[in-house]
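These notes concern the structure reproduced below.
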Amino acid sequence: MIRHQHTVIIITGPTAVGKTALSLQLAQHFGTAIVSADSRQCFRELNIGVAKPEPHELALVPHYFINSHSIHDEVNAAVYEQYALQAVSEIFSTRPVAVMVGGTGLYVKAFCEGIDHIPPVPAEIHEAVIDLYQQNGLVFLQNELREKDPLFWETAEQQNPQRLMRALEVLYASGQSISSFRTAAKATRDFNIIKIGLDMPREQLYHRINLRVDLMMQAGLLEEAQDLLSFRHLNALQTVGYREFFDYFDGKITLPAAIEQLKTNTRHYAKRQLTWFKRDTTINWFQPGEAVIDAVEELLK
């Protein structure tokens with residue numbers, strides 16, 4: 001393996017496992033900055049529902065890709081790849097190490113390996129797919145792709161509405177499966193990459209998720225969702241943490257049911273994250289509290 005002058009330490013794993021705390025420890029240890037790899041914390045208008053780091057945490061070290069975009073901006077893996085490469089380039093101008101942290105697997109993959117070019121989707125098709133999902137739910141997306149894009153469906157994250165909507169809009173816009181645009185070619189990077197994965201026993205993780213949702217409610221998540229209701233059609237709001245309350249505001253479910261649905265959906269999301277990351281054999285796995293910094297120092301040698 002070629003050894004480069006600079007290194008990016010990537011911390012990943014399921015939601016609520018403790019990635020933020022570890023990233024701050026590592027960034028302070030190495031005197032460097034953090035690049036988020038979370039597809040929702042970049043939006044200025046979203047705060048409580050995306051478990052954004054607290055202001056005092058953001059003040060400890062410089063952060064990139066947090067509060068960097070608006071929910072009205074188009075942000076995807078291709079946008080992230082270019083943003084993150086520029087960010088680490090800036091960090092490397094003064095530091096040999098950068099820290100990346102987040103649980104959006106596709107963004108991490110795009111940063112490490114590059115991403116295939118997919119033709120742009122017209123805005124009207126993009127909005128139409130979102131409308132179809134809002135009117136007909138996840139089952140519609142699943143049935144449509146199972147029937148019209150079996151190539152994608154075989155390997156799809158079948159419970160992930162954002163991934164399914166993306167595949168469907170590409171299919172409608174191009175007439176081709178999104179899978180047909182994927183190549184096996186991987187980009188080469190001129191820096192080293194060390195991947196750290198955090199995991200914990202499932203029961204413990206699910207308890208942390210449930211507790212986090214309760215704390216979010218105390219912090220004002222319901223009010224935040226209410227303030228964002230008029231933007232529910234935007235892609236940034238098609239996400240766990242907000243759409244559950246939109247059903248409540250529509251009178252479809254009770255508030256206790258919405259809160260329980262949020263806990264369930266977040267647990268399912270964590271499970272999907274783990275399934276994605278466990279396929280990556282280059283990740284070094286740890287339990288929170290283990291001597292990760294010492295292990296990273298050894299890996300740097």
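The numbers here are math on the coordinates, done by the rules we state, and not lab data. All figures in this text were calculated on a predicted structure; none of them were measured in a lab. Heads up, the Cβs are rebuilt from the backbone with ideal geometry, glycines too, and the neighbour counts pull from every protein chain shown.
A few remarks follow.
- When each full DSSP H helix of the chain is screened for a Cα extent of at least 18 Å along its own axis and an average Kyte-Doolittle hydropathy of at least 0.5, the helices passing are 77-92.
- For the range 123-181, the Cα-based Rg and Dmax, in that order, read 10.2, 29 Å.
- For the range 214-254, the fraction of alpha-carbon pairs in successive 10 Å shells from zero, as %: 30, 59, 11
- For the range 1-148, fraction of C-alpha pairs farther apart than 27 Å, in %: 30
- Across the chain, the mean sequence separation of Cα contacts (distance under 8 Å, 6 or more residues apart), normalised by length, yields a relative contact order of 26 percent.
- The alpha carbon radius of gyration of the range 118-275, expressed as a multiple of 2.2 N^0.38 Å, is 1.20.
- Other-chain or far-sequence residues with amide H under 5 Å of residue 64's (modelled H): 34, 35, 36
- In summary, the range 57-99 shows an alpha-carbon radius of gyration equal to 1.28 times the 2.2 N^0.38 Å reference for compact globular proteins.
- The chain, helix-only ellipticity at 222 nm - DSSP H runs n ≥ 4, -39,500 (n - 2.57), divided by all residues, nearest 500: -15500 deg cm²/dmol
- Remark: the range 187-199, residue by residue, has Karplus-estimated 3J(HN,Hα) of 6, 9, 10, 9, 8, 7, 10, 10, 9, 10, x, 9, 8 Hz, where x stands for each Gly or Pro and the curve is 6.51 cos²θ - 1.76 cosθ + 1.60 at θ = phi - 60°.
- Seen from all directions on average, the range 229-276 presents a Cα convex hull projection of 3.5 nm².
- Taking amide H as placed 1.01 Å from N in the peptide plane, residue 285 has its amide H under 5 Å from the amide H of 197, each at least 5 places away in sequence or on another chain.
- Semi-axis lengths, Å, the chain, gyration tensor of Cα atoms, sqrt of 5 times eigenvalues: 31, 24, 18
- Long-range amide H partners of residue 10 with built H, under 5 Å: 100, 194, 195, 196
- Ordering 247, 38, 227 by the number of other Cβ atoms within 10 Å of each residue's own Cβ, fewest first, gives 227, 247, 38.
- Over the range 81-184 - Rg/Rh using Cα atoms and the Kirkwood inverse-distance radius: 1.07
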